[in-house]
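Structure first, then comments.
The values are calculated or read from the model by the stated rules, or taken from the named source; none is laboratory data. Only a predicted model underlies this, so the values are computations on that prediction, with no experimental measurement involved. In this analysis, Cβ positions are derived from the backbone assuming ideal geometry, glycine residues included, and neighbour counts consider all displayed protein chains. The area values use the complete protein model at the heavy-atom level, side chains included, leaving out ligands, DNA and RNA. Shrake-Rupley method; radii C 1.70, N 1.55, O 1.52, S 1.80 Å.
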Amino acid sequence: MKWQGRQGSSNVRTTGGGKMIGGGIGGIIIAGILWLVFGVNPMTALQTGQVVAGGGNSTQPATDDDRDTRFVKVVLGDTERVWNQVFTEGGQTYKEPSLVLFNGQVSSACGSATSATGPFYCPGDQTVYLDTSFFAEMRQNLGISGDQQGSGDAENQGKAGDFAQAYVISHEVGHHVQTLLGITQQVNEASRQVTRAQANKLSVLQELQADCFAGVWANRNQSLVEGGFIEPGDIDEAINAASQIGDDRLAKASGRAVTPDSFTHGTSQQRVQWFSRGLESGNVQSCDTFSGAL
């Protein structure tokens, strides 16, 4: 993935971490399964609408003092350009989200989270949260190499996994788009009025739509970046990431039975299917996963 030399977002901040409140969310995370790089939405996982105080968090603008920070700023900047274009075409205004890079644990408007949660988006403060260990964990657990065909310089370390990592960030930004469009609010309201199995199904449809939105971003960004930004093998990286983190595959990896009623993110096949649909069309209208469910 080509990303060096592009303007990064000014909406990236860093935090030293906050004090954990209560028991945290460790109980809902599959122990040892770091493949769940899209994380669990704390708004759903904690089943709370309360805004949590900062807990000692102090945020400041991220500096370009390391490769991963520069990469995150460029990817977020790319999503801003794409979604500003999409919203303008629809006669709307896109409100850009913030992205917080944290270390170990963090407090958000959705509750406290740790690095085990994986990247997540909080509708309460319209912010994407990303632990600084995410890149290393993803490279290790998704089998993504940290070196591009033997390149030894620091700037290219991790290059082989860039597009898969960008795909994850764009998925979380997809949840922000859902919030701006009112979809998140509709899902939350509908989920309160149905059974647990039906609520899980709505969660799956929401996640699959975010996958599709990530595909739309990749399609649109390819045309916005002069000369394109996708390199050979990049699409395979994203599809591999999507296939690794389906609910069915995670259940098998942890030795649990595959029970579709308990799924909250969708199967590997579904995730690949909807990302590919957005990638091929570049059109948000192709991302209607709900089809009358709301």
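Here's the yes/no breakdown for (1) over 20 Å from Gln4 (Cα atoms); (2) open to solvent by 10 Å² or more (accessible area, probe 1.4 Å); (3) more than 12 Å from the chain's Cα centre (by Cα); (4) modelled with pLDDT of 90 or more:
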position: Ser98; (1), (2), (3), (4): yes, yes, yes, yes
position: Ala109; (1), (2), (3), (4): yes, yes, yes, yes
position: Gln126; (1), (2), (3), (4): yes, yes, yes, yes
position: Phe135; (1), (2), (3), (4): no, no, yes, no
position: Asp153; (1), (2), (3), (4): no, yes, yes, no
position: Gly174; (1), (2), (3), (4): yes, no, no, yes
position: Val187; (1), (2), (3), (4): yes, no, yes, yes
position: Ser191; (1), (2), (3), (4): yes, yes, yes, yes
position: Ala197; (1), (2), (3), (4): yes, yes, yes, no
Original post:
Within segment 176-185, which residues are under 13 Å from the mean Cα position of the chain (by Cα) and touching a residue at least 40 places away in the same chain (Cβ under 8 Å)?
Top reply: His176, Val177
Subject >> In segment 111-124, the residues that are open to solvent by less than 20 Å² (accessible area, probe 1.4 Å) and modelled with pLDDT of 90 or more >> reply: Tyr121, Cys122
Subject >> Residue satisfying all of: in segment 225-239; under 21 Å from the mean Cα position of the chain (by Cα) and among the hydrophobic types (A, V, I, L, M, F, W, C); nearest to Val74 (Cα to Cα) among these >> reply: Phe229
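Between Gly77, Gly5, Gly32, which is within 28 Å of Ile239 (Cα to Cα), at pLDDT 65 or above and open to solvent by 40 Å² or more (accessible area, probe 1.4 Å)?
Gly5
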Subject >> Which listed residue, of Gly228, Gly246, is at pLDDT below 95, open to solvent by less than 30 Å² (accessible area, probe 1.4 Å) and out of contact with any Ser or Thr (no Cβ under 8 Å at 6 or more places or on another chain) >> reply: Gly228
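For segment 76-116, which positions are of a type in the set (Val, Ile, Thr) and part of a helix (DSSP H, G or I)?
Pass one, segment 76-116, residues of a type in the set (Val, Ile, Thr): 79, 82, 86, 88, 93, 100, 106, 114.
Across segment 76-116, the qualifying residues are Thr79, Val82, Val86, Thr88.
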